[in-house]
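For reference, the structure discussed in these notes is given below.
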Amino acid sequence: MNLRTPLLGAALFAASCLSFAADHAHWTYEGHTGPEHWGELDPSFKTCNTGREQSPINIMASEKSATLKSIIFGYEASIGEVINNGHTIQINLANGGTIKLGGNEYALLQFHFHTPSEEQIDGRHFPLVAHLVHKDSDGHLAVVAVLFELGQENAALKDIFAALPTDAGTAKPLSTFNTADLLPSDRSYYAFKGSLTTPPCNENVRWQVLKQPLTISAAQFAAFKAIYPLNARPVQPLNGRKVMSSS
């Protein structure tokens with residue numbers, strides 16, 4: 001199937017624009033263009049330094065339980081593409097379905113990976129995390145984070161990780177993928193207000209970090225690290241924010 005039909009091309013372009021890779025200035029995860037300098041690289045990146053609700057954060061497993069409604073996942077199988085965007089491996093989806101958070105519905109646009117996990121649980125990083133990025137009809141963002149630990153091969157990611165695009169800017173077509181296959185059986189989660197974890201670090205992002213990790217094999221993890229050995233922003237101050245935990 002041709003991924004560059006007008007409708008699908010527009011959908012994938014919109015998802016790619018949410019890859020959190022702004023074109024205004026070159027940024028990296030190390031050195032003079034690393035996270036501690038992002039706010040200095042471009043005026044549009046200033047929130048990376050001045051924001052008060054930045055992500056990622058360290059989550060304490062004993063965070064206060066709250067009456068949080070379950071996330072209603074309505075993911076669907078979709079065609080798409082696997083792209084190396086210069087900062088991570090990202091899967092753009094044409095019509096990946098939705099989630100419902102309370103009374104709000106968000107469309108799934110894409111998911112991408114960071115190593116180690118940007119989120120910490122009790123000060124511990126996981127080897128890998130997938131960030132599932134959603135957007136509602138008013139343009140508000142919601143991210144669901146799925147943590148991975150080393151163990152059995154992840155069947156859902158088998159074909160994707162067996163042929164990752166190694167060069168920045170290259171993409172491979174994805175015939176079909178259902179993001180529901182990336183969800184753990186236990187859908188309990190931590191919730192907090194945060195930001196994009198890459199420039200421009202915009203805030204007002206709803207974060208949901210699923211508690212139960214999935215597994216990836218050592219070979220799958222090595223395939224990702226061969227391309228991106230480190231692409232995680234350090235944890236940021238809470239600045240009085242509350243982290244809630246669903247039961």
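The values are calculated or read from the model by the stated rules, or taken from the named source; none is laboratory data. As the structure is a computational prediction, the values presented were derived from the model and not from experiment. In this analysis, Cβ positions are derived from the backbone assuming ideal geometry, glycine residues included, and neighbour counts consider all displayed protein chains. Just so you know, the surface numbers come from the protein's heavy atoms only, side chains and all, with ligands and any DNA or RNA stripped out. Shrake-Rupley method; radii C 1.70, N 1.55, O 1.52, S 1.80 Å.
About its Cα centre, the dipole of the chain is roughly 480 debye, where the only charges are +1 on Lys and Arg Cβ and -1 on Asp and Glu Cβ.
Of Ala163, Ala145, Ala171, the residue with the greatest mean-square motion in the GNM of the chain, using alpha carbon springs below 10 Å, is Ala163. GNM remark for the chain: springs join alpha carbons under 10 Å apart, and the peak mean-square fluctuation among Pro35, Pro116, Pro237 falls on Pro237.
A Förster radius of 41 Å combined with the Cβ-Cβ distance from Glu153 to Glu203 puts the calculated FRET efficiency at roughly 0.65.
Net length available on complete extension from Thr176 to Ser137 is 11.6 nm, with 0.36 nm assigned per residue and the Cα-Cα distance removed. Using C-alpha pairs below 8 Å separated by at least 6 residues, the relative contact order for the chain is 27 percent. Values (1) -0.58, -1.19, -1.32; (2) -0.64, -1.23, -1.34; (3) -0.54, -1.26, -1.45 are given for comparison; log10 I(q)/I(0) by the Debye sum over Cα atoms at q = 0.11, 0.16, 0.17 Å⁻¹, derived from the coordinates here, is the one labelled (3). Other residues with beta-carbon under 13 Å from the beta-carbon of His37 carry, at +1 per Lys or Arg and -1 per Asp or Glu, a net charge of -2. Ligands, DNA and RNA left out, the accessible area of the chain computed with a 1.4 Å probe is 53% carbon and sulfur. Taking 31 Å as the limit for the C-alpha separation, the pairs Lys100/Lys225; Lys46/Lys69; Lys46/Lys242; Lys69/Lys172; Lys158/Lys242; Lys172/Lys242 exceed it in the case of Lys100/Lys225; Lys46/Lys69; Lys69/Lys172; Lys158/Lys242; Lys172/Lys242.
What FRET efficiency comes out for Asn49 versus Lys225 if R0 is 30 angstrom and r is the Cβ-Cβ distance? Round to the nearest 0.05. That gives a FRET efficiency of 0.55. Dividing the mean sequence gap of close Cα pairs (under 8 Å, 6+ apart) by how many residues segment 152-241 holds gives a relative contact order of 34 percent.
Here the simple spin-label model places points 7 Å from the Cα toward Cβ, and for Ser70 and Asn95 these points are separated by 2.6 nm.
Taking each residue as 0.36 nm, the span from Ala61 to Asn104 lengthens on full extension beyond its C-alpha to C-alpha distance by 12.8 nm.
Charges on Cβ only, +1 for Lys and Arg, -1 for Asp and Glu, centred on the Cα centroid of segment 150-247; of Val243, Pro200, Leu182, which one is farthest towards the dipole's positive end? Farthest towards the positive end: Val243.
Each other residue within a Cβ distance under 10 Å of Thr197 adds +1 if Lys or Arg and -1 if Asp or Glu, for a net charge of -1. Note on Asp167 and Asn239: the model spin-label points, each 7 Å out from Cα along the C-beta direction, lie 4.1 nm apart. Each Lys or Arg adds one and each Asp or Glu subtracts one; over the other residues with Cβ under 15 Å from the Cβ of Leu109, this totals -3. These residues, Glu119, Glu30, go from largest to smallest accessible area, 1.4 Å probe, as Glu30, Glu119. Rolling a 1.4 Å probe over the protein heavy atoms gives the chain an accessible area of 45 Å² per residue.
For the options Val144, Val129, Val235, a Gaussian network treatment of the chain with springs between C-alpha atoms closer than 10 Å singles out Val235 as fluctuating the most. Only DSSP H runs of four or more residues enter the estimate; each adds -39500 (n - 2.57), and after division by the residues of the chain the mean residue ellipticity at 222 nm equals -3000 deg cm²/dmol.
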